[in-house]
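The values are calculated or read from the model by the stated rules, or taken from the named source; none is laboratory data. It should be emphasised that the depicted structure is a prediction, and the values quoted were computed from it without experimental measurement. As a convention, Cβ positions derive from the backbone with ideal geometry for all residues, glycine included, and neighbour counts pool all protein chains shown. For the accessible areas, the whole protein counts, side chains as well, though only heavy atoms, and no ligand, DNA or RNA atoms are used. Shrake-Rupley method; radii C 1.70, N 1.55, O 1.52, S 1.80 Å.
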Amino acid sequence: YFKYDHVKLRTRQPGSTFKPFVYGRAIEDGYSPCQELWDIAPTIKVPGGVWTPKNADNTLGTGKKFNLRQAMAQSIITITAQLNAKVDPSNVVEFAKNAGITSPLAAVPSLCLGTSDVSLYEMVSAYASFVNLGIHTEPYFITRNEDKNGNVIETFVPQTKQAMDEKTAYKMIYMLQGGVEE
């Protein structure tokens with residue numbers, strides 16, 4: 001009715017739905033879903049001062065250890081921010097771009113909180129790379145054109161590329177399952 005594509009054209013901050021790209025980069029770099037980090041707020045240098053992220057409950061953390069799967073499942077901001085700093089935000093940008101995000105992403109510490117605007121189309125496309133054995137497939141809607149007699153006029157082949165290691169994709173599926181299993 002409004003003739004505006006809210007899926008492809010509308011962008012907004014994805015918030016915590018961006019966190020799997022931070023964890024995916026960490027897994028790609030050799031971190032394990034079982035690796036533990038303390039739930040304590042890091043102090044990260046930023047232009048003009050420091051940034052100390054707080055968890056959603058406005059605390060600086062519980063002081064407990066969580067493995068990466070638990071931390072992602074519970075969306076623990078302090079651990080995600082620590083991990084983002086360890087793997088470097090520019091590497092997270094690269095990982096997200098390989099997975100299918102095309103919007104500009106700022107390689108800043110708050111990137112891990114999903115502060116750069118992206119479209120729903122990009123997020124779905126990038127998440128599909130996890131379940132597709134690490135292969136990003138550019139979404140497409142028409143597989144072929146036929147004439148009225150059923151003769152194929154043209155076929156369309158999806159564009160694919162290896163976005164991440166297959167083992168990383170497998171581990172990320174395990175990590176994402178934590179959201180409902182933890």
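How far is it, in nm, from the label point at SER32 to the one at THR62 when both lie 7 Å from their Cα along the line to the Cβ?
About 2.2 nm, to one decimal.
Evaluate the Kirkwood expression for the hydrodynamic radius of segment 1-140, namely the inverse of the mean inverse distance over all pairs of different C-alpha atoms, and round to one decimal in Å.
Numbers: mean 1/r = 0.0640 Å⁻¹.
Across segment 1-140, the inverse of the average 1/r is 15.6 Å.
Per residue, how many Å² of accessible area does the chain show with a 1.4 Å probe? Spell out each step's value before the answer.
Working: 10530 Å² over 182 residues.
Ligands and nucleic acids excluded, the result is 58 Å² per residue.
Largest first, please: the extent of the C-alpha atoms of segment 87-182 along each principal axis, to the nearest Å.
56, 31, 22
Heavy atoms only, probe 1.4 angstrom, no DNA, RNA or ligands counted: give me LYS167, LYS54, LYS3 ranked by accessible area, highest first.
Details: LYS167 145, LYS54 95, LYS3 200 Å².
If we order LYS167, LYS54, LYS3 from most to least accessible, we get LYS3, LYS167, LYS54.
Determine the alpha carbon to alpha carbon distance for each of LYS19/LYS167; LYS8/LYS148; LYS65/LYS97; LYS8/LYS86; LYS45/LYS167 and list only those over 27 Å.
Details: LYS19/LYS167 18 Å; LYS8/LYS148 31 Å; LYS65/LYS97 31 Å; LYS8/LYS86 32 Å; LYS45/LYS167 33 Å.
In this structure, LYS8/LYS148; LYS65/LYS97; LYS8/LYS86; LYS45/LYS167 lie more than 27 Å apart at Cα.
Efficiency by 1/(1 + (r/R0)^6): what FRET value for ASP88 and TYR4, r their Cβ-Cβ distance, R0 = 41 Å, to the nearest 0.05? Don't skip to the end; give the middle numbers.
On the way: r = 36 Å, r/R0 = 0.89.
Computed FRET efficiency for ASP88 and TYR4: 0.65.
Under 8 Å for C-alpha pairs, at least 6 residues apart: give me the relative contact order for segment 1-121, rounded to a whole percent.
Numbers: 181 pairs, mean separation 46.8, N = 121.
Relative contact order, segment 1-121: 39 percent.
For GLU154 and TYR174, compute 0.36 nm times the residue count separating them, minus their Cα-Cα distance, and round to one decimal in nm.
On the way: separation 20, 0.36 × 20 = 7.20 nm, distance 3.90 nm.
Stretched out fully, the GLU154 to TYR174 stretch lengthens by 3.3 nm.
If you put +1 on each Lys and Arg Cβ and -1 on each Asp and Glu Cβ, how big is the dipole of segment 41-182 around its Cα centre, in Debye rounded to 20?
Details: 12 positive and 13 negative charges, 122 e Å.
Computed charge dipole of segment 41-182: roughly 580 debye.
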